[in-house]
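Student: Take a look at the following structure, please.
The values are calculated or read from the model by the stated rules, or taken from the named source; none is laboratory data. Bear in mind the structure is a predicted one, so any value in this text is a computation, not a measurement. Cβ: placed from backbone, ideal geometry, glycine included. Neighbour counts: every protein chain shown. Protein only, heavy atoms only, side chains kept; ligands, DNA and RNA dropped before computing areas. Shrake-Rupley method; radii C 1.70, N 1.55, O 1.52, S 1.80 Å.
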Amino acid sequence: QVERTTDLVRLSGALAGVNASFFTFTANPQFPGDPVGLGLFDGELLSEPTTDPAEADLIIDAAGDRVLVGRLTWTGTMHNRGTGKVLPLEFLNHPPVIPPGCAALPDQTQCAEPGDVVHFTPEFGVATPAGPGVEVVLDRRGRVLGTSAVRGTVLAPGQSSLQATGRDAAALLEVTEGGPVRRALTLADENGDKVALRPGLFGVNGRFQLIEDGEIVVPVGTGSF
C-alpha cells in the first residue's frame, strides 16, 4: 500500500525524509505501493534499480555518514549448490509479467516466450502475486519447501519464494531441483565499484540528478522535472 512521506517520518521518529521512488499506483493497481526502482532498507535490497539511464539513485550510509548519488546497477542470480545450475533474476518483490503470446496458457511451462523470474520476501505483503506461472517456496537456507503450478501464496517468517512466467517457468523448476539454492546479489555504482550491502545502508531512486560537483546537470528537454 501507500503512505505519505510525512507519516513515515513521524512513525519512524526520523528527523527528515526524502520524498522519492516512483511506485506502481497506476501500472499495477493491485499493488499500488510496489516501488519502481531502488529500494534499499538497512542493507536489505528489496527492490532493484531501474535500467533507465536518466534516473538517479540516492544512497545514505547511516553508519558512516556518507551519501552516494548516481545511477546504480545490479545483478541477481539463484544458484543451485548441488547441481551448479544458475538462473538470473529479473526483479525483486515485483509482480512478474506473463508474455503476451502465452497469456491464455494456464501452464506457463509450455510457453516458448521469455518471461520473468522474481524473488519474493515477506516484506512484499501479506501474499505473493497470484496467477499463471510457477512458484517455489524456500526456507531461510534455500531448501525447497514446496512447488506450485500456479502463483500466489502466503510466506511465513524466514521463507521466501521464486516465481516465474513464460519459458522461465520451466527453467525455474530445473534450477531448483536436486539441491538447495542460494541467492547472489551485487549492487554497483557508476564506476562499476561494488556497493557493500550492510546494515545502515538506505537507498531510493529519483528521476534526474540536479547538481554534480557544483554544476547543474539536469538534461535538456526534461520539461516540468
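Student: Out of residues 5 or more away from LEU145 or on other chains, whose amide H comes under 5 Å of its own, with H placed 1.01 Å from N in the peptide plane?
Tutor: VAL137, LEU138, ASP139
Student: Just need the relative contact order of the range 131-225 here, percent rounded to a whole number, with Cα pairs under 8 Å and 6+ apart.
Tutor: On the way: 106 pairs, mean separation 19.6, N = 95.
It comes to 21 percent, rounded to a whole number.
Student: Kindly provide the helix-only [θ] at 222 nm of the chain, computed as the sum of -39,500 (n - 2.57) over DSSP H runs of four or more divided by all residues, to the nearest 500 deg cm²/dmol?
Tutor: It lands at -2000 deg cm²/dmol.
Student: Which ³J(HN,Hα) values in Hz, rounded to whole numbers, follow from the phi angles of the range 13-25 under the Karplus curve 6.51 cos²θ - 1.76 cosθ + 1.60, where θ = phi - 60° and Gly and Pro get x?
Tutor: x, 7, 7, 7, x, 9, 7, 8, 6, 6, 9, 8, 6
Student: Got the relative contact order for the range 1-90 handy, in percent, Cα pairs under 8 Å and 6 or more residues apart?
Tutor: Details: 107 pairs, mean separation 12.6, N = 90.
For the range 1-90, the relative contact order is 14 percent.
Student: Once you have the Cα-Cα distance between GLU44 and VAL144, take 0.36 nm times their residue separation minus that, and quote the gain in nm to one decimal.
Tutor: Contour length minus the Cα-Cα distance gives 33.8 nm.
Student: Apply the Karplus curve 6.51 cos²θ - 1.76 cosθ + 1.60, θ = phi - 60°, to the phi angles in the range 54-68 and return the couplings in whole Hz, x for Gly and Pro.
Tutor: 7, 8, 10, 10, 10, 10, 10, 9, 5, 7, x, 6, 10, 10, 10
Student: Can you give me the long-range amide H partners of ARG182? Hydrogens built in the peptide plane at 1.01 Å from N, cutoff under 5 Å, separation of 5 or more residues or another chain.
Tutor: For ARG182, whose amide H was placed from the backbone, the distant partners under 5 Å are HIS79, ASN80, ARG81.
Student: Another question about this same structure. In terms of modelled amide H atoms, which long-range or inter-chain residues lie less than 5 Å from the amide H of ARG207?
Tutor: Distant-sequence amide H within range of ARG207: ALA56.
Student: Could you provide, to the nearest whole Å², the per residue accessible area of the chain with probe 1.4 Å?
Tutor: That works out to 56 Å² for each residue.
Student: If packing is taken as the mean number of other Cβ atoms within 10 Å per residue, what is the order of 104-114, 47-57, highest first?
Tutor: Numbers: 104-114: 15.4, 47-57: 18.4.
Most protected by this proxy first, the peptides run 47-57, 104-114.
Student: For the charge dipole of the range 1-154, defined by +1 on Lys and Arg C-beta atoms and -1 on Asp and Glu C-beta atoms about the Cα centroid, which residue among THR147, PHE91, LEU105 has the Cα displaced farthest towards the positive pole?
Tutor: THR147
Student: Further question: Ranked from highest to lowest mean number of other Cβ atoms within 10 Å per residue, what is the order of the peptides 89-102, 3-16?
Tutor: Ranked from most to least packed, the peptides come out as 89-102, 3-16.
Student: If you project the alpha carbons of the range 1-119 onto the principal axes, what extent comes out on each, in Å, largest first?
Tutor: 52, 35, 28
Student: With a/c under 1.5 counting as rounded, go ahead and sort the range 1-71 into rounded, prolate or oblate using the C-alpha gyration tensor (a ≥ b ≥ c being the square roots of the eigenvalues; past the cut-off, prolate if a/b is larger than b/c, else oblate).
Tutor: Because a/c hits 1.5 or more and a/b fails to exceed b/c, the range 1-71 counts as oblate.
Student: Checking the a/c ratio against 1.5 first, then a/b against b/c, what shape does the Cα gyration tensor give for the range 140-182?
Tutor: Numbers: a/c = 2.30, a/b = 1.23, b/c = 1.87.
Oblate shape, in that a/c is at least 1.5 and b/c is the bigger or equal ratio.
Student: By the gyration tensor of its Cα atoms, with a ≥ b ≥ c the square roots of the eigenvalues, what is the shape of the chain: rounded for a/c under 1.5, prolate for a/b over b/c, or oblate?
Tutor: Verdict is prolate for the chain.
Student: Given +1 on the Cβ of Lys and Arg, -1 on the Cβ of Asp and Glu, and no further charges, what dipole in debye does the chain carry about its Cα centre, rounded to the nearest 20?
Tutor: The dipole of the chain has a size of about 700 debye.
Student: Choose one answer from ARG81, ARG66, ARG151: the residue with the largest mean-square fluctuation in a GNM of the chain with alpha-carbon springs under 10 Å.
Tutor: Highest fluctuation among the options: ARG66.
Student: Still on this structure: Using the Karplus curve 6.51 cos²θ - 1.76 cosθ + 1.60 with θ = phi - 60°, work out ³J(HN,Hα) for each residue of the range 94-99 in order, rounded to whole Hz, and write x for Gly and Pro.
Tutor: Along the range 94-99, the couplings run 9, x, x, 9, 8, x Hz.
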